[in-house]
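Single-structure report; data block below.
The values are calculated or read from the model by the stated rules, or taken from the named source; none is laboratory data. Since we're looking at a predicted model, the values are computed, not measured. Every residue, glycine as well, gets a Cβ built from its backbone with ideal geometry; the counts of neighbours run over all protein chains shown.
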Amino acid sequence: MTRLDSQRPEEWLQVRPWHTSHGRSVIHDDRREEGASLSEHEGVLDFRTFLIDMNRLFEAFVTQVLRERAPVSLIVEGQVPVHLGHDKRVRMLLDILLRRRDLPVLVADCKYKRHSAAQAQNPDVYQVLAYCTAAWVRQGVLIYPSHASAAPDEVAVRHTDVRIRRIAIDLGCEGPELTTECDAFAAAVFDLASTG
């Protein structure tokens, strides 16, 4: 099988879903000449099951999508340590920080969960507001995987210049459609960074 870091992030999602049947996990080669992938079809090889932290995978995927598409004027950093309080108090790790000429312009937090504009996700907004404050930026982005009710929306924080936007990326696409989705998603994030 190919290592994930040797592929474009949208190719990571080409692995077919799999499950355990009667306590036995199986691997099946259905990618033809491209190699093996995990599948729901029973095959001849047993292997141990494993768990994937989808939050970390989603964050790594989004970070790599942005890095690969970043204009030369922007630097995309992942897992950036910052402190909310003076004297290095309240340490936090920003999922993603965008810089222009060494100046922070946008922070992003990736959330692998369902959301909708009507369903308040206050803790997510509070977290990004703290990130914006600690990084001294005016633009924050909450990034979710897309689903039927996903809709971008924005919160203009009172008594500040901070704006927090929710953006979704559709992970249900395949092949060229996923590449197009990744391009559009990155363009939307970079457009926000240009107003920061």
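Tabulated results
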quantity	calculated
Failed criterion for residue 79 (all others in (1) assigned to a strand (DSSP E or B); (2) of a type outside the set (D, E, K, R); (3) under 21 Å from residue 181 (Cα atoms) hold)	(3)
Residues located in segment 146-165, provided they are within 17 Å of residue 185 (Cα to Cα), in contact with a helix residue (DSSP H, G or I) (Cβ under 9 Å, 6 or more places away or on another chain) and at pLDDT below 90	146, 152
